[in-house]
Amino acid sequence: MAFLSVFSPLIAFFFAFLFGKQLGDRGAQFLTCAGVILAAMCSCFLFVDVAINGHTQTILLMNWIDVGGFEATWNIRLDTLSVVMMCVITIVSSCVHVYSIGYMSHDPAKARFMSYLSLFTFAMLMLVTADNLLQLFFGWEGVGLASYLLIGFWNTKHSANSAAMKAFIVNRVGDFGLVLGMFTIFVVFGTIHFDEIFAVAPEKATVLFNFMGFQVHALTLACLLLFIGACGKSAQLGLHTWLPDAMEGPTPVSALIHAATMVTAGVFLVARFSPVFEYAPDALMVVCVVGATTAFVAATIGMTQFDIKRVIAYSTMSQLGYMFFALGVSAYGAAMFHLVTHAFFKALLFLGAGSVIHAMSDEQDMRNMGGIWKKIPFTYALMWIGSLALAGIPFFAGYYSKDIMLESAFADYTWFGHYAYWMGIAAAFMTAFYSWRLIIMTFHGDPRANKEVMSHIHESPKVMLLPLIVLAIGAIFAGAALYKPFVGGSSHHGADDHHLEVDLHHSDNETEHHNNEHDNDAPVLEEDHEDTTAWNRIGFWKDSIKVMPENDTVEAAHNVPKWVKLLPTIMGACGIFLAYVIYLWGAGLAGKFTKLFKPLHNLFFHKWYFDELYNVLFKEGAIGFGRMFSRTDKGVIDGLGPDGIARSAVCGGGILRRIQNGFVYQYAFIMMIGLICLITWVVFGGMQ
């Protein structure tokens with residue numbers, strides 16, 4: 001079962017890529033869809049077996065490396081964290097595969113595209129089932145390669161090629177940090193295997209490491225370097241510029257990369273290393289601050305964009321910021337909860353946007369849309385569902401997961417926890433605002449497209465709408481269904497008493513932090529690893545996530561004051577109302593606000609000038625250095641080297657050529673001079 005869940009997409013990739021012409025487009029589409037759907041079914045079975053029944057296991061595939069004293073095996077690690085990620089990846093990937101049959105129907109390279117999707121899925125599965133850092137790095141780089149191929153799939157477009165290169169290069173910056181983190185962990189722990197690392201993490205809590213001549217806390221350094229790698233993959237502030245440009249790829253690629261797979265790899269990495277991050281509080285603080293800042297900055301940019309896919313892309317970046325600040329306050333379960341719910345509603349929004357683009361004859365600018373909701377009512381309804389979940393409106397999936405992250409940040413009772421809460425509140429308002437800005441500009445108002453485009457607008461085919469229905473079900477019900485097992489508390493506070501249920505069954509009293517206890521019905525592992533640390537057992541997550549009792553903010557989050565729980569929903573409602581006022585009811589208000597706040601609008605519209613800044617610092621700087629070295633190479637190295645020697649030979653040859661002119665008197669003159677020189681050398685040389 002485990003082999004099928006991981007390797008069936010790889011098998012489908014090989015056959016579709018190598019034998020695509022023989023299979024034909026339909027054959028390749030059927031094979032790749034069947035492979036990933038089979039993987040999804042097996043992953044769901046493993047979820048029941050591992051996460052619910054507690055049958056955690058590690059399957060040895062082979063001994064990979066054995067050189068000197070270094071050993072690395074190739075395993076399939078099946079614990080709760082792995083199987084949750086496997087289900088998310090394969091379910092969303094299945095929807096994307098099926099959707100692509102309709103969306104890419106006119107593309108001449110269908111088999112190649114479907115094979116790339118399957119390769120991407122396999123790389124993600126290898127990443128999340130890794131049992132050591134080297135295996136994780138293999139999946140990590142495989143995801144980077146597949147994303148490059150998918151983003152630049154339409155390689156006849158210069159913009160697509162540039163976007164693919166940008167994504168690849170920016171991620172290499174983050175990957176350099178990941179590699180340094182791996183080296184640091186190996187030096188400190190003497191191993192790259194997760195269980196061995198996590199088992200001795202408490203013993204390494206006070207170890208110092210010599211880094212660039214300074215004695216630094218070893219675990220903090222290792223965690224910060226791993227976090228740099230996570231920032232690259234998950235588009236956190238500073239390494240985020242590749243994300244919006246990646247929209248140049250086909251829409252199914254956007255859904256696959258930006259919803260449930262590539263961008264969540266960084267979140268998974270930090271959650272996987274929770275036993276190490278717990279002993280690096282300074283690293284957790286950095287994770288929290290960067291995540292909170294990312295959530296805010298991305299939301300400000302999303303409010304001003306006009307490309308429908310870019311708005312959703314910046315929304316993804318903002319929601320990833322939420323996940324990271326939850327990780328930064330040790331709310332790993334809350335971050336993973338939002339990862340799951342976000343996968344459903346964000347994939348729904350991307351594929352819904354693809355349905356709009358398909359209907360609008362490949363138009364992506366919302367300024368050229370409007371007045372089309374009656375022509376594509378099914379897509380319109382599904383976009384509403386995705387937007388309601390994204391905005392955190394009761395009782396959609398995003399409501400449960402977003403709110404528990406905000407409550408956990410507040411319950412941390414640290415300056416950076418409160419910073420994250422208020423940045424998250426501001427981002428929640430802006431998220432609701434730009435979500436309904438998108439809805440109104442795309443579907444409502446007067447039609448802004450030309451008559452020819454309007455006459456061709458039609459609902460997408462069933463093969464594209466069916467995956468949207470599956471994702472919509474997750475966007476509606478996943479939050480309520482998964483709230484209690486994922487973050488419901490150790491002994492109380494289930495989903496049925498979650499915040500906004502009319503009478504709000506939450507206590508207003510100040511609470512004490514209680515240690516986690518197992519639910520009576522919580523699954524028990526077959527065997528417990530010996531660990532001297534008094535970890536809080538995170539019920540459903542078991543030993544795949546570990547939190548110190550004093551850091552259990554998810555448990556404390558259930559007892560924060562009412563206003564903390566209510567404020568995100570209130571701000572979301574205000575954001576929706578403001579969007580209606582500006583873009584539907586108040587004609588011309590958007591232009592007036594743009595003029596009134598022109599400097600601020602320009603800052604947001606130009607994405608805080610990160611691209612311009614990077615162009616000056618890195619691109620232009622690199623080109624300047626290149627030109628300088630080019631001049632040095634031509635003027636000094638070539639001038640004194642091969643070019644100089646060649647010029648000397650030519651010059652010397654020219655002189656000798658003038659001498660060899662055929663006149664006897666000139667030859668006699670040269671012989672006389674030579675004889676005089678010889679006599680002079682003999683006489684004066686002999687005197688010495």
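The values are calculated or read from the model by the stated rules, or taken from the named source; none is laboratory data. Keep in mind that what you see is a predicted model, and the values were worked out from it rather than measured. Methodologically, a virtual Cβ is constructed for each residue, glycine included, from the backbone with ideal geometry; neighbour enumeration extends over all protein chains shown. Please note that ligands, DNA and RNA were not included when accessible areas were found on the heavy atoms of the full protein model with its side chains. Shrake-Rupley method; radii C 1.70, N 1.55, O 1.52, S 1.80 Å.
Computed values, structure above
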quantity	calculated
Among (1) free of Cβ contacts under 8 Å to residues at least 12 places away in the same chain; (2) among the aromatic types (Phe, Trp, Tyr); (3) touching a Pro at 6+ places or on another chain (Cβ under 8 Å), the one test that residue 183 misses	(3)
Members of the range 343-377 found to be open to solvent by 10 Å² or more (accessible area, probe 1.4 Å), part of a helix (DSSP H, G or I) and of a type in the set (S, T, N, Q), listed by number	368
Count of the range 123-176 residues which are of a type in the set (Ser, Thr, Tyr) and either within 11 Å of residue 242 (Cβ to Cβ) or touching a Ser or Thr at 6+ places or on another chain (Cβ under 6 Å) (or both)	4
Residue within the range 124-143 that is under 19 Å from residue 355 (Cα atoms), hydrophobic (A, V, I, L, M, F, W, C) and either assigned to a loop (DSSP other than H, G, I, E, B) or under 16 Å from the mean Cα position of the chain (by Cα) (or both) present	no
Condition met for residue 401 (under 27 Å from the mean Cα position of the chain (by Cα), open to solvent by less than 40 Å² (accessible area, probe 1.4 Å) and touching a residue at least 12 places away in the same chain (Cβ under 8 Å))	yes
Residue among 323, 336, 303 that alone is more than 30 Å from residue 462 (Cα to Cα), in contact with a helix residue (DSSP H, G or I) (Cβ under 8 Å, 6 or more places away or on another chain) and open to solvent by 10 Å² or more (accessible area, probe 1.4 Å)	303
Residues of the range 43-56 classified as touching a residue at least 40 places away in the same chain (Cβ under 8 Å) and open to solvent by 50 Å² or more (accessible area, probe 1.4 Å), total	6
Residue 147 vs. criteria open to solvent by less than 10 Å² (accessible area, probe 1.4 Å) and among the hydroxyl-bearing types (Ser, Thr, Tyr)	yes
Among (1) surrounded by fewer than 21 Cβ atoms within 10 Å (Cβ to Cβ); (2) in contact with a helix residue (DSSP H, G or I) (Cβ under 7 Å, 6 or more places away or on another chain); (3) not aliphatic (A, V, I, L, M) - the single one residue 73 does not satisfy	(2)
Exclusive hit being among the small types (Gly, Ala, Ser) and free of Cβ contacts under 8 Å to residues at least 60 places away in the same chain, set 331, 420, 381, 335	381
Selected residue (only one of 616, 636 is part of a helix (DSSP H, G or I) and at pLDDT 80 or above)	616
Positions within the range 1-19 being open to solvent by 30 Å² or more (accessible area, probe 1.4 Å) and within 14 Å of residue 40 (Cα to Cα), in sequence order	1, 3, 4, 7, 10
Verdict on residue 218 being free of Cβ contacts under 8 Å to residues at least 40 places away in the same chain, out of contact with any Lys or Arg (no Cβ under 6 Å at 6 or more places or on another chain) and within 23 Å of residue 327 (Cβ to Cβ)	yes
Answer residue from the range 20-36, given it is open to solvent by 70 Å² or more (accessible area, probe 1.4 Å) and in contact with a helix residue (DSSP H, G or I) (Cβ under 8 Å, 6 or more places away or on another chain) and is nearest to residue 101 (Cα to Cα) among those	23
Residue that is most open to solvent (accessible area, probe 1.4 Å), among those in the range 150-165 that are polar (S, T, N, Q) and not in a helix (DSSP H, G or I)	156
Residues that are crowded, with 20+ Cβ neighbours inside 10 Å and touching a Gly at 6+ places or on another chain (Cβ under 6 Å), drawn from the range 166-187	171, 174, 178
Per-region count, the range 268-283, residues assigned to a helix (DSSP H, G or I) and open to solvent by less than 10 Å² (accessible area, probe 1.4 Å)	10
Count of the range 574-603 residues which are farther than 16 Å from residue 435 by Cβ and either in a helix (DSSP H, G or I) or not aliphatic (A, V, I, L, M) (or both)	17
Residue satisfying all of: in the range 544-584; surrounded by fewer than 20 Cβ atoms within 10 Å (Cβ to Cβ) and among the charged types (D, E, K, R); nearest to residue 274 (Cα to Cα) among these	550
Selection from the range 4-13 of residues that are in contact (Cβ under 8 Å) with a residue 60 or more places away in the chain and not polar (S, T, N, Q)	6, 7, 9, 10, 12, 13
Selection from the range 80-117 of residues that are open to solvent by less than 10 Å² (accessible area, probe 1.4 Å) and either assigned to a loop (DSSP other than H, G, I, E, B) or charged (D, E, K, R) (or both)	104
In the range 189-200, the residues that are open to solvent by 20 Å² or more (accessible area, probe 1.4 Å) and of a type in the set (A, V, I, L, M)	199, 200
Scan of the range 55-79 for residues that are closer than 29 Å to residue 541 by Cβ and not in a strand (DSSP E or B), ordered by number	55, 56, 79
Residue list for the range 55-74, restricted to those being within 18 Å of residue 544 (Cα to Cα) and of a type in the set (Ser, Thr, Tyr)	56, 58
Qualifying residue in the range 622-632 (condition: under 27 Å from the mean Cα position of the chain (by Cα) and farther than 22 Å from residue 388 by Cα)	yes
Residues of the range 348-378 satisfying the condition of being under 16 Å from residue 307 (Cβ atoms) and free of Cβ contacts under 8 Å to residues at least 24 places away in the same chain	362
Among residues of the range 201-240, those that are farther than 19 Å from residue 268 by Cβ, open to solvent by 40 Å² or more (accessible area, probe 1.4 Å) and in a helix (DSSP H, G or I), counted	2
Inter-residue pairs, beta-carbon under 7 Å, first under 21 Å from residue 57 (Cβ atoms) and in the range 117-143, second open to solvent by 10 Å² or more (accessible area, probe 1.4 Å) and among the charged types (D, E, K, R), 6+ apart	129/77; 130/77; 131/77
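Residue-wise test of (1) of a type in the set (Phe, Trp, Tyr); (2) open to solvent by less than 50 Å² (accessible area, probe 1.4 Å); (3) at pLDDT below 90; (4) under 20 Å from residue 355 (Cα atoms).
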{"residue": "449", "(1), (2), (3), (4)": "no, yes, yes, yes"}
{"residue": "465", "(1), (2), (3), (4)": "no, yes, no, yes"}
{"residue": "470", "(1), (2), (3), (4)": "no, no, no, yes"}
{"residue": "477", "(1), (2), (3), (4)": "yes, no, no, no"}
{"residue": "490", "(1), (2), (3), (4)": "no, yes, yes, no"}
{"residue": "494", "(1), (2), (3), (4)": "no, yes, yes, no"}
{"residue": "497", "(1), (2), (3), (4)": "no, yes, yes, no"}
{"residue": "500", "(1), (2), (3), (4)": "no, yes, yes, no"}
